[in-house]
Amino acid sequence: GPAVGFGIGPEDAAGVEAVSADVHEHGKSLEEFRAYRERMNAEILAENNLVISRFFALDGRAYEGGALDVRTKELLGLVASLVLRCDDCVTYHLVRCAEEGLTRAQVFESLSIGLIVGGSIVIPHLRRAVDRWGELERASG
C-alpha cells in the first residue's frame with residue numbers, strides 16, 4: 001500500500017529524490033493537475049450519463065454567488081475538502097481561492113478551521129495544501 005502520509009507506494013519511494021523541482025513530493029505539478037482534470041472531466045462528460053452530467057452541473061452552480069459570495073463558498077469548499085482529506089479537491093479550491101484573490105492569511109485561517117474540525121489526521125493534507133498554496137503564490141509572482 002501507499003507509504004503513510006506521502007501518497008506513494010514502495011515501488012515509487014526510490015525515485016522520490018529524482019523528482020523535478022516543479023513536481024511536489026505529493027504528486028503532480030499544478031499544470032499536470034489542471035491538464036489531467038480537464039481531460040478526465042471531458043471524457044466523463046462525453047458519456048452523456050444523465051446523473052453524472054447533472055451532478056457536475058449542480059457542483060458548478062453551488063459555487064456561484066448567492067447569499068454567500070464566491071470567495072466564501074470557495075473557502076467553505078476548501079475546509080470541507082481538507083476535512084474529507086481529498087487532496088485533488090483541496091488543490092482545486094486553492095486554485096479557485098487564488099483566482100478569487102484570497103490572501104495567504106485568509107487561506108491559513110480557513111485551513112486552521114479544517115484542522116480543528118478534522119483533527120490531527122488532516123495534518124499530512126494540510127502540509128500538501130500549504131505546499132500547493134506556495135506554488136500558487138510563486139506562480140503569481
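Sub-9 Å Cβ pairs linking a first residue in the range 62-81 that is under 21 Å from Gly118 (Cβ atoms) and of a type in the set (Lys, Arg) to a second residue that is part of a loop (DSSP other than H, G, I, E, B) and modelled with pLDDT of 95 or more, at least 6 apart or interchain, are Lys73/Tyr63; Lys73/Glu64; Lys73/Gly65; Lys73/Gly66, ordered by first then second residue. One residue stands out among those in the range 57-85 that are more than 25 Å from Leu45 (Cβ to Cβ) and in a loop (DSSP other than H, G, I, E, B): the one that is nearest to the chain's Cα centre (by Cα), which is Arg85. Within the range 97-106, if we keep just the residues that are more than 22 Å from Glu32 (Cβ to Cβ) and touching a residue at least 24 places away in the same chain (Cβ under 8 Å), the residue that is surrounded by the fewest Cβ atoms within 10 Å (Cβ to Cβ) turns out to be Gly101.
Could you please find all residues in the range 116-134 being among the aliphatic types (A, V, I, L, M), under 15 Å from the mean Cα position of the chain (by Cα) and surrounded by fewer than 18 Cβ atoms within 10 Å (Cβ to Cβ)?
Within the range 116-134, Ile123, Val130 meet the criteria.
The values are calculated or read from the model by the stated rules, or taken from the named source; none is laboratory data. Quantities reported herein were computed from a predicted structural model and do not represent experimental measurements. Backbone-built Cβ (ideal geometry, glycine too); neighbour counts: all protein chains shown.
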